[in-house]
Amino acid sequence: MPLPAPYTGHLDFRSKYEGSDSARATLNPEAENAFRQQTKHITDFERGISEMVWRYKRSGDTKTLSCILDGYRRWADADALTSTTANHTGRSMRKWALATLATSWLELDTPQKSTETERWLSQLADQVVKDWDGLPLEKTNNHSYWAAWSVMAASVALNRQDLFDWSLKEYRIAAHQIDDNGQLPNEQKRGARAVAYHNYALQPLVMIASFAKANQVDVTQENHGALTRLASYVLREDKTHLEWLEPYCALSHCDDATLTLRDASRPLKNRRLGGDLTALYQP
């Protein structure tokens, strides 16, 4: 399937929680459907790039590589996803897309990489920093952590220390929000969806810690081992969406029950965390 044309419009999308109360825990089916239609170009590009990169990694097929590089180049040439007319949902889409595109670019182990694409990914990362930097603590939640992860992935893909440092700053803010029970106050506000949002917040934090460790920075001990407390809380409450267990068990000591759970769930894949995490982290 060909990759979609570049998305160059305003990043102003409807929220699937439109009309919900302050907990934002009630889905609005009509708004969710509108959101999926509005953002289809972006998610299809993300999904297509990630699938092609993994196909190329396994096959070495030059036609697949050519298609990937052409897709990136077309979106880069159009300055896709860079609109500064963006609401919260649009800014969220930008950082989720960057997470997929930066990790996929990093996985693409080829000398043929284009400077135009790297200029564009750099531009996206800079905009994500602007979008999410300096938020008050009561507004710093899973979205900030996903922004920090997308910027961390870009920092490694582009070899930019400033982006790496910003991501670590945001990680440390997150770690110091985790309480003694392993809970995040801003995710607790999500009512019936609080546990799912703790799981969702954990995923980018584990990836940041994993990439930091690969670059000789250990952040797992921040706030007295806060990441372990959060992971333990999530494992007690939610046995779904366990893709984060691959990087986490490579980073920390996992007990036999957790390893069994991880192994039974394999292969663990998530395009925004780097694709096939089992292939990346399995010894």
Å² of accessible area per residue within the chain, as computed with a 1.4 Å probe and no ligands counted: 45 Å²
Cys with no candidate disulfide partner in the chain (beta-carbon separation under 4.7 Å rule): Cys67
For the chain, calculated [θ]222 nm from helices alone, where every DSSP H run of n ≥ 4 adds -39500 (n - 2.57): -20500 deg cm²/dmol
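What percentage of the solvent-accessible surface of segment 127-283, computed with a 1.4 Å probe over protein heavy atoms, is contributed by carbon and sulfur atoms?
Details: 3340 of 6730 Å².
Of all accessible area on segment 127-283, carbon and sulfur atoms account for 50 percent.
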Dipole in debye (nearest 20) - the chain, about Cα centre, beta carbon charges: Lys, Arg +1; Asp, Glu -1: 440 debye
Gain in span if fully extended, Asp70 to Asp180, counting 0.36 nm per residue against the direct Cα distance: 34.7 nm
Listed residues Thr26, His10, Gln38: farthest to the positive end of the dipole of the chain (Cβ charges): Gln38
Spacing of the two label points (7 Å from each Cα toward its C-beta) at Glu30 and Asn159, in nm: 5.3 nm
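Find the percent of Cα-Cα distances in segment 187-283 that exceed 16 Å, and round it to a whole number. Please list the in-between numbers first.
Values: 2517 of 4656 pairs.
Here the tail beyond 16 Å accounts for 54 percent of pairs.
Compute the normalised compactness of the chain: alpha-carbon radius of gyration over 2.2 N^0.38 Å, N being the residue count.
In units of the 2.2 N^0.38 Å rule of thumb, it is 0.97.
In the structure shown, do any of Lys40/Lys139; Lys16/Lys213; Lys16/Lys113; Lys40/Lys213; Lys16/Lys63 have a Cα-Cα gap over 30 Å, and if so which?
Values: Lys40/Lys139 27 Å; Lys16/Lys213 35 Å; Lys16/Lys113 36 Å; Lys40/Lys213 35 Å; Lys16/Lys63 38 Å.
In this structure, Lys16/Lys213; Lys16/Lys113; Lys40/Lys213; Lys16/Lys63 exceed 30 Å between Cα atoms.
Test of the criteria: in segment 217-283, which trypsin sites (Lys or Arg not before Pro) are in a DSSP loop and have at most 13 other Cβ atoms within 10 angstrom of their Cβ?
Working: sites: Arg229, Arg236, Lys239, Arg262, Lys269, Arg271, Arg272; in loops: Lys239.
Qualifying residues, ordered by number: Lys239.
If you roll a 1.4 Å probe over segment 8-51 with all protein chains in place, what percent of the accessible area is carbon or sulfur? Provide the component values of the computation, followed by the final result.
Working: 1130 of 2420 Å².
That fraction is 47 percent.
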Cβ-Cβ FRET estimate between Ser22 and Asp79, R0 fixed at 35 Å, reported to 0.05: 0.45
Vicinal HN-Hα couplings computed from phi for segment 103-120 (Karplus, 6.51 cos²θ - 1.76 cosθ + 1.60; Hz; Gly/Pro x): 5, 5, 4, 5, 5, 7, 7, 8, x, 7, 5, 8, 5, 5, 5, 5, 4, 5
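How much length is gained on full extension from Gln37 to Thr115, taking 0.36 nm per residue of separation minus their Cα-Cα distance? Before the final figure, lay out the partial values.
Values: separation 78, 0.36 × 78 = 28.08 nm, distance 3.16 nm.
Full extension of this stretch gives 24.9 nm more.
Could you work out how much longer the chain between Ser232 and Lys169 gets when fully extended? Use 0.36 nm per residue separation minus the Cα distance between them, nm to one decimal.
Working: separation 63, 0.36 × 63 = 22.68 nm, distance 2.32 nm.
So the chain would gain 20.4 nm between Ser232 and Lys169.
Over the chain, what is the relative contact order in percent, taking alpha-carbon pairs closer than 8 angstrom and at least six residues apart?
Numbers: 395 pairs, mean separation 48.6, N = 283.
It rounds to 17 percent for the chain.
Below 8 Å, C-alpha to C-alpha, sequence gap of six or more: please give me the relative contact order for segment 1-141 in percent. Intermediate values should be presented prior to the final figure.
Working: 144 pairs, mean separation 43.0, N = 141.
That works out to 30 percent.
With a sphere of radius 14 Å drawn around the Cβ of Val128, what net charge do the other residues whose Cβ falls strictly inside it have (Lys, Arg +1; Asp, Glu -1)? Could you put the intermediate results ahead of the total?
Details: positive: Arg91, Arg94, Lys95, Lys130, Arg160, Lys169, Arg272; negative: Asp126, Asp131, Asp133, Asp162, Glu170.
So the surrounding residues net to +2.
The values are calculated or read from the model by the stated rules, or taken from the named source; none is laboratory data. From a predicted model like this one, the values you see are computed outputs, not experimental measurements. Backbone-built Cβ (ideal geometry, glycine too); neighbour counts: all protein chains shown. The area values use the complete protein model at the heavy-atom level, side chains included, leaving out ligands, DNA and RNA. Shrake-Rupley method; radii C 1.70, N 1.55, O 1.52, S 1.80 Å.
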